[in-house]
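Undergrad: Here it is: the structure, laid out below.
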Amino acid sequence: MLTVKIPGREDLCLSHLVLDYNGTIALDGQIIQSIGPRLEQLSKLLDICVITADTHGTAAENCAGLPLRVLTFPTDHVGEIKAEQVAKLEGGVVCIGNGYNDLLMSDVCQLSICVIGKEGCCGALLQHCDILVTSIEDALDLLLKPQRLRATLRA
């Protein structure tokens, strides 16, 4: 569990990290290599899951060996499925995504982070997220270095 005391606000008590795949932890269907060590560290604090429509069909293969599980839903309704899967989790959830199909998931999480990476992000997602970053490394580092979260979210 990761607990972050946010001055002037309720503490964040997080048990799960839910990640989008394409555009978030992967570029053009290939996992971003720099995130492996960060996920290793975070897996000691949080249960990590990737929920994806898997546009390129590469998520399971490329995530093999990482400390996470992959749930693939190649459907037009993956946005609703992501939100349903997150709602089933017990304990606080932080999600990181970049796409339109991350909107509903972002609304049900205790903390939601939007990544504007090389594949861009859905503009509508910005209004549904607590924090916006320009790389997945920055997003994961917020969780690894909670003082950054405190500074960004304090009242």
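Undergrad: Given R₀ = 35 Å, what would the calculated FRET efficiency be for Glu61 paired with Gln127, taking r from the Cβ atoms and rounding to 0.05?
TA: With R0 = 35 Å, the Cβ-Cβ based efficiency is 0.55.
Undergrad: Next up: For Tyr21, Tyr100, what's the fewest-to-most ordering of other Cβ within 10 Å of each Cβ? If you can, show how the numbers build up before the last one.
TA: Numbers: Tyr21 26, Tyr100 14.
In order of increasing Cβ crowding within 10 Å: Tyr100, Tyr21.
Undergrad: Now for a separate question. Run the quick spin-label model on Arg154 and Thr3: label points 7 Å from Cα toward the beta carbon, then report their separation in nm to one decimal.
TA: Going by the 7 Å Cα→Cβ label model, 2.0 nm.
Undergrad: Tell me what the chain gives for mean residue ellipticity at 222 nm when only DSSP H runs of n ≥ 4 count, each as -39,500 (n - 2.57), the sum divided by the residue total, rounded to 500 deg cm²/dmol.
TA: Counting only the DSSP helices, I get -7500 deg cm²/dmol.
Undergrad: Would you order Leu140, Leu89 from fewest to most other beta-carbon atoms within 10 Å of each residue's own beta-carbon? List each step's numbers first, then the result.
TA: On the way: Leu140 24, Leu89 15.
With the fewest neighbours first, Leu140, Leu89 line up as Leu89, Leu140.
Undergrad: I'd like the antiparallel share, as a percent to the nearest 5, of DSSP beta bridges with both residues in the chain.
TA: The antiparallel proportion sits near 20 percent.
Undergrad: What do you get for the angle between helix 78-87 and the principal long axis of the chain? Use alpha-carbon atoms, 0 to 90 degrees, nearest ten.
TA: Its long axis makes an angle of about 40 degrees.
Undergrad: Projected onto the charge dipole of the stretch 41-103 (+1 at Lys/Arg Cβ, -1 at Asp/Glu Cβ, origin at the Cα centre), which of Ala53, Phe73, Leu89 gives the Cα projection farthest towards the positive end?
TA: Leu89
Undergrad: Would you mind counting up the charge near Ile48? Only other residues with Cβ under 14 Å from its Cβ, with Lys and Arg at +1 and Asp and Glu at -1.
TA: Every neighbour counted, the sum reads 0.
Undergrad: Percent relative contact order of the stretch 1-110, based on C-alpha pairs within less than 8 angstrom and at least six residues apart?
TA: Over the stretch 1-110, the number comes to 31 percent.
Undergrad: In nm, to one decimal, how far is the modelled label at Gln41 from the one at Thr75, with both set 7 Å along Cα→Cβ?
TA: For Gln41 paired with Thr75, the spin-label model returns 3.7 nm.
Undergrad: Any idea what the dipole of the stretch 34-155 comes to, in debye rounded to 20, about its Cα centre with Lys/Arg Cβ at +1 and Asp/Glu Cβ at -1? Intermediate results must be reported in sequence, preceding the final value.
TA: Values: 10 positive and 15 negative charges, 103 e Å.
That gives a dipole near 500 debye.
Undergrad: Given the options Cys49, Cys109, Cys95, state which has the largest fluctuation in a GNM of the chain using a 10 Å cut-off (strictly under) for Cα springs.
TA: Cys49
Undergrad: Which pairs in the list Lys44/Lys82; Lys44/Lys118; Lys88/Lys118 are over 26 Å apart, alpha-carbon to alpha-carbon?
TA: Violating the 26 Å limit, Cα to Cα: Lys44/Lys118; Lys88/Lys118.
Undergrad: Of the listed values [x] 14.1, 43; [y] 16.6, 62; [z] 19.1, 64, grab the one calculated as Rg and Dmax of the Cα atoms in Å from the structure here.
TA: [x]
A short reminder: the numbers here are calculations on the coordinates, not readings from a lab. The shown structure was predicted, so the numbers you read here are calculated from the model rather than taken from an experiment. Ideal geometry is used to build each Cβ from the backbone, glycine not excepted, and the neighbour counts take in all protein chains shown.
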